[in-house]
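One structure is given here, and the rest of the page talks about it.
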Amino acid sequence: MTDLLVIGGGAAGLMAAGAACAKGLTVTVLEHNPKGPGQKLLITGKGRCNVTSDSDVREFLPYVRHNGRFLYSSLYAFPPAAAMQLFEELGVPLKTERGRRVFPQSDRAADVLAALRDYARDADFVRGSAKKLLLEDGVCKGAVTDRGETLRAENTLIATGGISYPATGSDGSGYKLARQAGHTIVPPQPSLCSLISPDPACRRMMGLALRNVRLTLLCDGKELFTEQGEALFTHFGLSGPLVLSASTYIEDIAKHRYICELDLKPALDEKTLYDRLTRDFAEQGAHSAQSALAKLLPNSMRPVAVEKWGVDPATRAAQITKEQKLALVQLCKHWQVPVTALGDKEHAVVTAGGVDVKEVDPKTMASKLCGGLYFAGEVLDVDARTGGYNLQIAWSTAQAAVRAL
C-alpha cells in the first residue's frame, strides 16, 4: 500500500507528487494520457508556461473569480514567491514580464514540465485512469483502474483538472470520482474563453488583432470589467487576452444582455480625438470618407466602420460635418460587439465549476465527506483570470494537501 495515490498527472498532480516524494512518502501517480503526464502544461502561455504571478497574496486574490476566500490559507502557506523559489531550485531560472507574469527564462514550457517530472522522479507512474474509488466504511483507500488493477493507498488525491482541452487528459473524470464519494459538483462551464457574437462584422474583420485598446464588458448596461490590452476579431466573434479575462465575468449568458465595448483610442479623450479627426479630414479634404480613416483605423476595419458610422463612403473628407465627426468619435470610443455565447469548453483555458469547496477543508484540501480523500487544482470550483493565477492555485492547493499528510 502506497502513502499517496495521485489521480491525474497535470500541474497539481505533479506538484503534489514531487512534494510528497520530498517528504519521503511513497507515491503512485495514475495518468491516462498516452503521451505522459503534464501535457496541458506544454500548451500553457502559448507554449511558454506562465508559471505564476509575481504578487503577494493580497494582490493575488482579487484576480480569483470564484471562491477566492477558500484559497486564503493555501496561498499564504505557499505563495507565488514560494513557487518561484521552488522552480529556481529545480533548475528553472525565471523572469517577470509585463503584468507580473512569470515565465521560464528559456520561454520553454517543456523545461517546467521536465523540472516537475524530476521533482517527482521517485514516484511510481502508472498508465491508466481511475474507474472508481476504493471506499471502505466511508474512507477512501485508493482506486480501481480501467484495467481492473486495484491501487491501494493510505491517502488519495484527485487532481484530474477540468474539462478544457480534453485531448491533454482533462476529460472531467474527476467529477465522477468526487460524486462517488458524495461530493456536489458545481456545473462546469468554460472560463477564460473566446466569446461568440452574432455581429457579421466580426467575420468580416477576422484575424484583425487590436493592440492597446480598452475593453469594457457590460451586462444589461452595467459595467462588469474593464481593462486595456489586446483583442482579436474571429470568424465567430472575439478572442485575445482581454476577451479571455472578460469571459470570466459572464455568469448566465441566457438571462442577461452582454456587450463588449471597445475603446479603440483609449489614450485620447473625446475632445482630443475630435480635434485629431478635424485635422486629418482637413489635410485629406479631397479623399473619400473611408480613405480619410487611413491614419485612424486598420485597413480591414475601415469599411465596417464607415457602415456603422452611417456616412456615404464616397463623401469627401472636407464635406464631413461636425455632427458626423462627433458620431465617429462615439463609434471609436464605444465600438459595441454583442455577445450571445461563451466559446466551447474544449478550447477554454480553464474550467469554472467543479467540486463544491464548501465540502473541502480549505487548509488541507481534505474532503469533509470522505476520509483519506483530497483535491487539488482545477477539479475544484476555483478559477482565476489569466496571468499565472490558475497555475499558482494548482501549486498552492497541491502543497496544502501534501502538508496535511
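The values are calculated or read from the model by the stated rules, or taken from the named source; none is laboratory data. Note that the coordinates shown come from a computational prediction; the quantities given were computed from them, not determined experimentally. Don't worry about glycine lacking a Cβ; one is built from the backbone with ideal geometry, like all the others, and counts go over all protein chains shown. To get the accessible areas, we keep the full protein, side chains included, count just its heavy atoms, and leave off ligands, DNA and RNA. Shrake-Rupley method; radii C 1.70, N 1.55, O 1.52, S 1.80 Å.
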Within the range 250-258, is even one residue under 17 Å from TRP335 (Cα atoms) and either open to solvent by 60 Å² or more (accessible area, probe 1.4 Å) or in a loop (DSSP other than H, G, I, E, B) (or both)? yes
What about TYR274, is it among the hydroxyl-bearing types (Ser, Thr, Tyr), in contact (Cβ under 8 Å) with a residue 12 or more places away in the chain and in a loop (DSSP other than H, G, I, E, B)? no
Out of all the residues in the range 144-159, is one or more under 30 Å from GLY240 (Cα atoms) and either open to solvent by 50 Å² or more (accessible area, probe 1.4 Å) or at pLDDT 95 or above (or both)? yes
The listed residue being surrounded by 15 or more Cβ atoms within 10 Å (Cβ to Cβ) and closer than 18 Å to GLY36 by Cα, out of VAL92, VAL126: VAL126
Would you check which residues across the range 11-20 are among the hydrophobic types (A, V, I, L, M, F, W, C) and either within 18 Å of VAL350 (Cβ to Cβ) or open to solvent by 20 Å² or more (accessible area, probe 1.4 Å) (or both) and list them? ALA11, ALA12, LEU14, MET15
Pull up the range 56-89, narrow it to residues that are farther than 15 Å from ASN390 by Cα and hydroxyl-bearing (Ser, Thr, Tyr), then point me to the one that is most open to solvent (accessible area, probe 1.4 Å). TYR76
Residues that are closer than 30 Å to CYS202 by Cα and in contact with a Cys (Cβ under 9 Å, 6 or more places away or on another chain): does the range 351-364 have at least one? no
Among the residues of the range 29-54, which ones are open to solvent by 10 Å² or more (accessible area, probe 1.4 Å) and either hydroxyl-bearing (Ser, Thr, Tyr) or in contact with a Pro (Cβ under 9 Å, 6 or more places away or on another chain) (or both)? GLU31, THR44, ARG48, ASP54
Mind listing whichever residues of the range 197-248 are polar (S, T, N, Q) and open to solvent by 50 Å² or more (accessible area, probe 1.4 Å)? ASN212, THR226, GLN228
Which residues, taken from the range 286-324, are open to solvent by less than 20 Å² (accessible area, probe 1.4 Å) and either in contact with a strand residue (DSSP E or B) (Cβ under 7 Å, 6 or more places away or on another chain) or in a helix (DSSP H, G or I) (or both)? ALA292, LEU293, MET301, VAL304, ALA305, VAL306, ALA317
Inside the range 290-312, can you point out the residues that are of a type in the set (Val, Ile, Thr) and either farther than 13 Å from LEU328 by Cα or more than 32 Å from the chain's Cα centre (by Cα) (or both)? VAL306, VAL311
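Residues are listed down the side, and each one gets a yes or a no for (1) at pLDDT below 95; (2) among the basic types (Lys, Arg); (3) not in a helix (DSSP H, G or I):
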position: LEU14; (1), (2), (3): no, no, no
position: LEU30; (1), (2), (3): no, no, yes
position: THR44; (1), (2), (3): yes, no, no
position: ASN50; (1), (2), (3): no, no, yes
Given the options ALA110, ALA114, name the one that is within 23 Å of the chain's Cα centre (by Cα) and open to solvent by 50 Å² or more (accessible area, probe 1.4 Å). ALA114
